[in-house]
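S.K.: Shown below is the structure under consideration.
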Amino acid sequence: MSDQNAPTQQPCGRAYEQMLEKVRYDGAYPTRERADEALRLVLAGLGRQLTGDERVELAACLPLEAARVLTAQIPDPRPLTGWAFVKDLAVRTGASLATTRWDTGSAFSAVAAYAGPDLLTRILQQLPPGYALLFGRAELTTAA
């Protein structure tokens, strides 16, 4: 018996290539190498922010190469807001804030597609404010 909603298993390399093509298309990157650089940077940053069940579940949804980048990072005990996340990545690479924000949005678009809406909602509930916009969602706040 098989789950018809489960993604079909593909060779790891092919699944990662498909993820890279999504990042390349969404980010309008001129080369696959540039898309790979952006994706790895953002996944590593997310790996420093995400903990718990959401981290494990996200890694299980991603292609193997992407999951390895995410889980190779040790979570930071002081989580960053969405804007601080972008600034941190910019400092690490020496890129401009605008370029880093673009890279983040492009990579998070692919991550969101693999995670699905339910897991993405739980991830956003765990992270500090500012990540919803980076994932292309409205930033919702609860009334006091």
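S.K.: Mind counting the residues in region 63-94 that are under 14 Å from ILE123 (Cβ atoms) and in a helix (DSSP H, G or I)?
M.R.: 3
S.K.: Now for a separate question. Would it be correct to say that LEU127 is in contact (Cβ under 8 Å) with a residue 24 or more places away in the chain, surrounded by 15 or more Cβ atoms within 10 Å (Cβ to Cβ) and more than 24 Å from GLN18 (Cβ to Cβ)?
M.R.: yes
S.K.: Among ALA110, ALA132, ALA60, which is touching a Lys or Arg at 6+ places or on another chain (Cβ under 8 Å), assigned to a helix (DSSP H, G or I) and under 20 Å from VAL23 (Cβ atoms)?
M.R.: Criteria check complete, one pass: ALA110.
S.K.: Being open to solvent by less than 50 Å² (accessible area, probe 1.4 Å) and more than 19 Å from LEU134 (Cα to Cα) is the filter here; which residues of region 49-58 pass it?
M.R.: Answer for region 49-58, where residues must be open to solvent by less than 50 Å² (accessible area, probe 1.4 Å) and more than 19 Å from LEU134 (Cα to Cα): just GLY52.
S.K.: So how many residues does region 63-91 have that are open to solvent by 20 Å² or more (accessible area, probe 1.4 Å), touching a Gly at 6+ places or on another chain (Cβ under 9 Å) and within 26 Å of GLU17 (Cβ to Cβ)?
M.R.: The number of residues fulfilling the criteria is 6.
S.K.: In contact with a Gly (Cβ under 6 Å, 6 or more places away or on another chain) and of a type outside the set (Gly, Ala, Ser): is that true of TYR131 in this structure?
M.R.: Yes.
S.K.: If a residue must be open to solvent by 60 Å² or more (accessible area, probe 1.4 Å) and under 24 Å from CYS61 (Cα atoms), how many such residues does region 92-124 contain?
M.R.: 7
Per-residue answers, yes or no, for (1) touching a Ser or Thr at 6+ places or on another chain (Cβ under 6 Å); (2) of a type outside the set (A, V, I, L, M, F, W, C); (3) within 27 Å of GLY13 (Cα to Cα):
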residue	(1), (2), (3)
VAL42	yes, no, yes
GLY45	no, yes, yes
LEU80	no, no, no
VAL91	no, no, no
THR100	no, yes, yes
GLN125	no, yes, no
PRO128	yes, yes, no
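S.K.: So, in region 1-50, exactly how many residues are part of a loop (DSSP other than H, G, I, E, B), modelled with pLDDT of 95 or more and closer than 24 Å to LEU124 by Cβ?
M.R.: Here the count works out to 3.
The values are calculated or read from the model by the stated rules, or taken from the named source; none is laboratory data. Bear in mind that the values here come from a model prediction, so they are computed numbers and not experimental data. As a convention, Cβ positions derive from the backbone with ideal geometry for all residues, glycine included, and neighbour counts pool all protein chains shown. When the accessible area is computed, the model is the full protein with side chains, heavy atoms only, and any ligands, DNA or RNA have been set aside. Shrake-Rupley method; radii C 1.70, N 1.55, O 1.52, S 1.80 Å.
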